[in-house]
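The values are calculated or read from the model by the stated rules, or taken from the named source; none is laboratory data. It should be emphasised that the depicted structure is a prediction, and the values quoted were computed from it without experimental measurement. Here the Cβ positions follow ideal geometry from the backbone for every residue, glycine too, while neighbour counts run over all protein chains shown.
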Amino acid sequence: MGLPAMAANEGIQLCVFDSRRGHQEGQELDKILFFFPSDFPYSVQLSVVGLSEGLITFTRIFSPDAACEVIEEERHSHVFYQAEPDIWMVMIVEKNKDNESDWRCDALIDVLKEAHSLFTMFNGSLQALLDKQPSGELARSRLYTFINDYLSDFYVGKKIQVPSFRDCLKERRTVQMLTVSREVAIEVQSLATVIGTSSLGSIACKSLILFQDLLVATTLSPGDTANMFTYAVLRLTPHALSSNTSSWTYLRRGVSGSSITASSGLLNSRSSPEEYHHGSHDSSMGEQSNRYHMPRPLQRDNWSKGKDGFLVCDIQLNVGGLVYLAPVVWLQQSEEHMYLCIYQHRNLTIIVLIPVCSQTDGEQGIALVKKQLLENASEKIVHVEEKLSRGWGGENAYHVSGYRYLLVDTDKSISRTSPPGKVMTLAKDSLFTLNKLREEVDLEKTRANREKPDQEKNLEICIRAKNNSWIIAKITQGRELYMVMEKANETLLYASDAVEKFSDRYCDGAFSLD
Amino acid sequence: MDSDDSVTDPNPHHPDPSLDAEPATVEQMGSLTLGEAGDAAGAERPVGNGFLPADFYAAAGEIEVVEEGSPVSGDLAGPSSLGGSGACRERSGRGDALPSPSSSGYAGERGSSGGSSEIEEADDRETMLDDWSRGKRHPDEDDGSVSWRKRKKHFFILSNSGKPIYSRYGDEHKLAGFSATLQAIISFVENSGDRLKFIRAGKHQVVFLVKVPIYLVCISCTEEPYEALKRQLELIYGQMLLILTKSVNRCFEKNPKYDMTPLLRGTDAVFSSLIHAFSWNPATFLNAYTCLPLSYSTRQAASAILQDVADSGVLFALLMCKNKVVSLVGTQKASLHPDDMLLLSNFIMSSESFRTSESFSPICLPRYNPMVFLYAYVHFLDVDTYLTLLTTSSDSFYHLKDCRIRVETVLVKSNVLSEVQRSMLDGGLRVEDLPLDSSLRSRSLTTPELSSSQTGIGGPSGLWHFMYRSIYLDQYVSSEFSSPISSSSQQKRLFRAYQKLYASMHDNGTGTHKTQFRRDEDFVLLCWITQDFELYAAFDPLADKALAIKTCNRVCQWVRDVENEIFLFGASPFSW
């Protein structure tokens, strides 16, 4: 929708609405739980929601099970995500004339999915928040701070930049693993065991161990691991903490310095969420903060490293007069609340999750866990960190000369990619073509899932593009390989051989012909 | 009626069901020709092409699109009733006693498949078994019917004020509410300064094409690529223009609420058969036409006589057999766009009345000039073969009739017609006949090679099918379907796979790709595009890459060796 107001804006709109609310005439605004940019006129916000709801209803005439997912217009793309049974997230992205705005709809939907799963991890479901407080005030204020904080990572300069075709060798919502030798793996394992048992009483803690921005070990389910990993790379790892260095992982983009300026201005300059209540409430932002002491786990500079090696979350300690413990997260798999306790030694980040229900005496309990951790594991931690540092190949560790690739294990939510610095050397046309190919493959995958959900999809596509690069996609046994080879020979057989070699060497032959 | 169209004919030697009806048709033609003469004599008054009510002509007359005084005998059950042509219409109208060749031929099959009751599946079966050439299917349905909602592929034409103009399924008037919804969606976006391309919901895709004041919409769960569906809407729009010209827009300028449905009354069969072509005719996505294989001398003979008449004031002279071109000649520098040929042949073949008499009918070639009517003289020389003479002059009926008589005489004398019929029976290139190596190149396709076990259709080198498109000629050749893809559902699957491959090769901001290899559960597909040609080949899913590449090279060589027989040379390619 080429809304007139948009020209001057960031070029994206993000909306969260509840389709059960605001059915009465004059109450339509009540549907809207979140809208970015929040200074958009209500009339525009309503027309976005109106079109979205209208098309959801319309598409259900023909497709009752799967309503509207994508609207493609000449100048805008709209992507839809049904986050919860009645809660929809819609993102509208404007296409620029500079030819840079070509994206995969699934990559955009992944942004919505990621935002929602991170939100849920810290706040529980939106439905639960709405049940707790039917006026929607709580849900709105939580969404307002959370999504704005989340979006701050997408700022490049003063503009929000959504994942484009240049990001086609990346897979959001997956975990990047560090490959370690067998010997080191055993030591990491024993460290994880020690952490798991260093809790109070009989209740075991869960843990994630990261080296740099890569996962080394986890005792969480794949879904929870992916969420926690994403959060860690966004805010907890040494890279994330030192805001002046830009991370080499793709989860953080742009130069953080400018992001912070943009994001800190974000909340102050925009209207407060109360405006959504169109006059029915008159509480100020400050009062609201007190009432719900809104935790802002995605706020930048929230975390800092304390002297004892544990990370301290500033904002929780500042909430006026309230005793606030470590942040709490909600695990989908085990459906329990866990305290978040993070220890960092050089490049090693250890996230310990302590069941809330085990802690009757809050602060003291956590302090005890921390103490035990230091007593029992600090030696091991130092040792493991040294070993990992020694074996660490640097940010180009996973570069394979001649190849630019993305390898995804969909079952385990794991991916490995060529280092971003290397991907940047590819010609625009190569990335453009791979992006198109991935869009095609996305459709084939969803189609296969729909038609034969229990059957593994097998697909191989090799394209020689106009610029002579080979663009390849291979799917087999729940694994996906995407590849660009720019300096390969012109024959298809040569390209196939190259894929085969890569597969044998780096994928245990998963993509090789037997 | 897949098997009726030779491109997709799984059993080329199976007697064409429509041949059964031939004697009756011939007889009918004779009587109608007589009737026609009387008709033409009395046709001094303004008449349309039989589709259009008087008010349209009143409007069109003002803008000097339709000239008066054209003797028209072709009538497709249009609402207008005009003096002398009445006798003719009674015979050729919808309630005609003339046995429909297609329906009689398929009566048995329809009975045998009566068990199918699932609506989702219905589409596939119905396209084969139902007599789509008869027009509207399921007119009793509307958007409230479950069966209507479950149709696999809907097409709608509506005006930008929301008035329904055409719907593939259901009665247009009952769909007024639905049509208004579509209009509201499209206009909402238009009003914001943008334009809707498509909406995706699960396996459904809603594709929009805006040609103000006309909106076209496709709602489909066939999972065809957006580009393919959009092109289908373009063709539907083109088909509408072929019948009405773009001057229909004037009606909406005068009255935005104008009800256009009467203008298209009686043309359901034309649209149904075009929509059916979207699932079997490669011309719908390849931007090319195909020729009937004929020896070079035979085609030369046909071209010579067409050239002869073209020099006497005919814009285009076109001899076709079903959807395949025998020969085509145009005057001056004019050339026929492949889309215009597709739409014209679809129009002629799906309109029963063209078969029953010689006709002179105003038609518009949208790619040639969407604003004006040309006049088409159409005469079927046998059941499948028809001569079309296009002119700009509305009063050249008798001249064109004379031309046709000359052409027909020559074609009969020089055995071209019998060669055409023989070629129809023989079919086109067969993958089994692919020559083994270059030493055998000189052999022509009329003396097929003995197929060897190595070149067979199974095994690691198993070539199942191919399509070759010559870029300069705007022509393609498609092989006959081999045994691994003999069923119509397999053929449709291959057709859709090609369609996807075509879109994937062409749809990108960086220019056409050079090669593509694609392997899935159904096929190995190879596409190879150069400056001169595009090759699309389908292999056994277990095919070996190296062998498949070799086979493709052999196919290209083979096509070049027999190009004089499978392509028409000398027709100026479309070039503006």
For the stretch B:215-238: of the residues being more than 14 Å from the chain's Cα centre (by Cα) and polar (S, T, N, Q), which is nearest to the other protein chains (Cβ to nearest Cβ)? B:Ser220
Out of curiosity, is B:Ser345 surrounded by 21 or more Cβ atoms within 10 Å (Cβ to Cβ) and in contact (Cβ under 8 Å) with a residue 24 or more places away in the chain? yes
Every residue in the stretch B:380-407 that is assigned to a helix (DSSP H, G or I) and either in contact with a Phe, Trp or Tyr (Cβ under 6 Å, 6 or more places away or on another chain) or of a type outside the set (Asp, Glu) (or both), please. B:Phe397, B:Tyr398, B:His399, B:Leu400, B:Lys401, B:Cys403, B:Arg404, B:Ile405, B:Arg406, B:Val407
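Please go through the stretch B:511-523 and pick out each residue that is at the interface with chain A (Cβ under 9 Å from one of its Cβ atoms) and in contact (Cβ under 8 Å) with a residue 12 or more places away in the chain.
The initial filter retains those residues of the stretch B:511-523 that are at the interface with chain A (Cβ under 9 Å from one of its Cβ atoms), namely B:511-521.
Within the stretch B:511-523, B:Thr512, B:His513, B:Lys514, B:Thr515, B:Gln516, B:Phe517, B:Arg518, B:Arg519, B:Asp520, B:Glu521 qualify.
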Among the residues of the stretch A:124-156, count how many are part of a strand (DSSP E or B) and crowded, with 21+ Cβ neighbours inside 10 Å. 1
For residues that are small (Gly, Ala, Ser) and surrounded by 19 or more Cβ atoms within 10 Å (Cβ to Cβ), scanning just the stretch B:177-201, find the one that is farthest from the other protein chains (Cβ to nearest Cβ). B:Ser179
What's the number of the condition A:Lys466 fails, among (1) crowded, with 18+ Cβ neighbours inside 10 Å; (2) charged (D, E, K, R); (3) assigned to a loop (DSSP other than H, G, I, E, B)? (1)
B:Asp171 is checked against (1) within 25 Å of the chain's Cα centre (by Cα); (2) free of Cβ contacts under 8 Å to residues at least 40 places away in the same chain; (3) buried (at least 17 other Cβ atoms within 10 Å of the Cβ) and fails just one. What number does that condition carry? (3)
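I'd like the full set of residues that are closer than 23 Å to B:Pro541 by Cβ and touching a helix residue (DSSP H, G or I) at 6+ places or on another chain (Cβ under 7 Å), limited to the stretch A:425-463.
So in the stretch A:425-463, the residues closer than 23 Å to B:Pro541 by Cβ come out as A:437-438, A:440-463.
Correct list: A:Glu440, A:Asp442, A:Lys457, A:Leu459, A:Ile461, A:Cys462, A:Ile463.
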Assuming A:Trp103 fulfils every condition listed in (1) touching a Pro at 6+ places or on another chain (Cβ under 7 Å); (2) closer than 23 Å to A:Leu143 by Cβ apart from one, which condition is it? (2)
Does A:Thr491 count as out of contact with any helix residue (DSSP H, G or I) (no Cβ under 9 Å at 6 or more places or on another chain) and either away from every other protein chain (no Cβ under 14 Å) or not hydrophobic (A, V, I, L, M, F, W, C) (or both)? no
Is it the case that some residue within the stretch A:91-106 is aliphatic (A, V, I, L, M), more than 14 Å from chain B (Cβ to nearest Cβ) and surrounded by fewer than 18 Cβ atoms within 10 Å (Cβ to Cβ)? no
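Residues checked against (1) in contact with a Phe, Trp or Tyr (Cβ under 9 Å, 6 or more places away or on another chain); (2) closer than 30 Å to B:Met505 by Cβ; (3) outside any strand (DSSP E or B):
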position: B:Asp259; (1), (2), (3): no, no, yes
position: B:Gly266; (1), (2), (3): yes, no, yes
position: B:Phe271; (1), (2), (3): yes, yes, yes
position: B:Leu274; (1), (2), (3): yes, yes, yes
position: B:Ser279; (1), (2), (3): yes, yes, yes
position: B:Thr290; (1), (2), (3): yes, yes, no
position: B:Ala301; (1), (2), (3): no, no, yes
position: B:Ile305; (1), (2), (3): no, no, yes
Going by the conditions given, is A:Glu183 surrounded by fewer than 16 Cβ atoms within 10 Å (Cβ to Cβ) and under 24 Å from A:Ala397 (Cβ atoms)? yes
Subset tally (residues that are closer than 29 Å to B:Leu473 by Cβ and surrounded by fewer than 17 Cβ atoms within 10 Å (Cβ to Cβ)) for the stretch B:522-546: 3
Looking for something in contact with a Leu (Cβ under 9 Å, 6 or more places away or on another chain), at pLDDT 95 or above and closer than 20 Å to B:Pro366 by Cα - is there at least one such residue anywhere in the stretch B:290-306? no
Quick test of your reading of the structure: B:Val207 fulfils all but one of (1) within 30 Å of B:Phe373 (Cα to Cα); (2) in contact (Cβ under 8 Å) with a residue 40 or more places away in the chain; (3) of a type in the set (Val, Ile, Thr). Name the failing condition by number. (2)
Checked the stretch A:411-453 for anything over 23 Å from the mean Cα position of the chain (by Cα) and of a type in the set (Val, Ile, Thr); matches are A:Thr425, A:Thr433
So, in the stretch A:494-514, how many residues would count as being over 31 Å from the mean Cα position of the chain (by Cα) and over 24 Å from A:Glu444 (Cβ atoms)? 3
Please note which strands (runs of 3 or more DSSP E) are completely contained in the stretch B:481-576 and include at least 3 residues that are over 26 Å from the mean Cα position of the chain (by Cα). B:515-519
One residue is enough: does the stretch B:219-234 have a residue meeting the conditions aliphatic (A, V, I, L, M), in contact with a helix residue (DSSP H, G or I) (Cβ under 7 Å, 6 or more places away or on another chain) and at pLDDT 95 or above? yes
Within the stretch A:477-514, how many residues are crowded, with 18+ Cβ neighbours inside 10 Å and of a type in the set (S, T, N, Q)? 2
Just wondering, is there one or more residues in the stretch A:432-453 that are among the hydroxyl-bearing types (Ser, Thr, Tyr), facing chain B (nearest Cβ under 10 Å), closer than 26 Å to B:Ile549 by Cβ and outside any helix (DSSP H, G or I)? no
